[in-house]
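Notes for the one structure printed next.
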Amino acid sequence: MAVDVITFGEAMVRLSPPQFRRLEQASTLDVQIGGAELNTAVALARLGRSSAWVSRLTSNALGRMVANRAREAGVNTEHVVWTPEDRVGVYFLEFGAAPRASSVVYDRKGAAIANIKPGMVDWAKIFKGVLWFHVTGITPALSPTAAETTREALLAAHGLGVKTSIDLNYRVKLWSQAEAGRCMSDLMQFCNVLITTEEDTERVFGITGKDYEDVAAQVAKRFPLQVVALTLRENPLVWKNTWTAIAYQEGKVLRTRTYEVEIVDRLGAGDSFAAGLIHGLLDGDLQKGLDYGVATSAIKHSIPGDFAWINREEVEALLKGGGLRISR
C-alpha cells in the first residue's frame, strides 16, 4: 500500500526518572518510544498524511513494543525488517531545570538498525507511489553499513523522482565532525530539502555567516538544494524558550511567527517541525510548510514523550492565534 511519506531510521526505548530526579536517584522509570525519523512519521500521520517508517528491529518484546507504539500513532510498519539477532537500543533521559541542563545516556551499541546493510530493503518496491522520503543525519552515524544503506535509499528515491529531505541532526556522541562532514556532504547530492540549525551547519559543514539568512544562503550555494530550513531556538531557561524558523529558496528568505514555549518535553520538537514542513511542501507551499512546521513543533514542546500527539485542527487554531483559555 503506497503512502505519502516514507521515513527511515532508528527508534529506541526511552527511560526517564520522574519528577526531575537524577538517574542515580531513580526507583522508577517512565517508558516512552522515540527516534527522529519515527517521530516525524508520527507527526505527519497526526497531520493527516499517510506515513510509513522503515527500520530494522529485533523480534522480541522490546522490538514489538516499538512497532506497536508506531502503529498506535498511525504509522505503517509493514516495511520494518525483523531479525532474531542484535537488540533494541535504549536511552536514558534525565530532565534538568536551570541551571542544570537535561541530559541523555545512550545504551544503543549493537542495535539491530546499526547492522542494517545495503540490499536488506527493497527500496524500489517501497518507493512505488510514494511522494516523499525523509531521513536524518543520525541514521548514517550509527555504523558504516547504516550510512551505506542511507545512501542506497536516497539514491533510489532520487532516481525514482521521490522528493527527499534530510534533517542534519548532528550527534556528537555518535561520530566526529569530520566523519559527519564527509558523509553528509556526499548525501546532499540526493537531497531536495535540508533542515538544520546554525550550530549543526557549522559543526558538520564548517559554514558560518553574519546571520541565519547568510548561513542558509551559503548552504544552498554549496549544495544542489531546493530549500534550506533553519530552526531557531533561544534558550533563556531550560523550560522556557522562544522558537521559530526561516526557509531559504532561490535567493528568497521566508519567515514565520515566533512562539514562546513552556517546555514539558522538547525531545521530538525538531522532528515535528520537519513533519509540518513536509506537510506544506506536499501541497507545493513552502510558506505553509514553514508555518505548520513551527506551529506543530511549538505544540509538541508541551507534550510528554517524543511523539507529537497533536491534530491538524489544533495546529490550525494556533496559526489563527488561538489563546490559552481552557477549551471546554
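Each value in this text was obtained by applying a stated rule to the coordinates, not by laboratory testing. Because the structure is predicted, anything quoted here is derived from the model rather than measured. Reconstructed Cβ throughout: ideal geometry from the backbone, glycine too, with neighbour counts over all protein chains shown.
Below, the figures for the structure above:
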read-out	value
The chain, relative contact order in percent, only Cα pairs under 8 angstrom and at least six apart counted	16
Under 5 Å, built H, 5+ apart or other chain: amide partners of V238	A98
Net +/- balance of residues flanking S102 in space, Cβ distance below 10 Å, scoring K and R +1, D and E -1	0
Positive-end residue, the stretch 119-267 charge dipole about Cα centroid, Cβ charges, pick of T196, I138, I126	I126
The stretch 211-328, dipole about Cα centre (Lys/Arg Cβ +1, Asp/Glu Cβ -1), debye to the nearest 20	140
Residue-averaged [θ]222 nm for the chain, counting only DSSP H segments that reach four residues, each worth -39500 (n - 2.57)	-10500 deg cm²/dmol
If the convex hull is drawn through the Cα atoms of the chain, its volume per residue in Å³	138
Share antiparallel - DSSP beta bridges, the chain, percent rounded to 5	50
Loop chymotrypsin sites (Phe, Trp or Tyr not before Pro), the stretch 251-312 (other Cβ atoms within 10 Å of the site Cβ: 14 or fewer; DSSP)	W309
Long-range lysine pairs (8 or more apart or interchain), the stretch 5-319, Cα under 17 Å	10
Point-charge dipole on Cβ atoms (K/R +1, D/E -1) for the stretch 5-319, about Cα centre, debye to 20	380
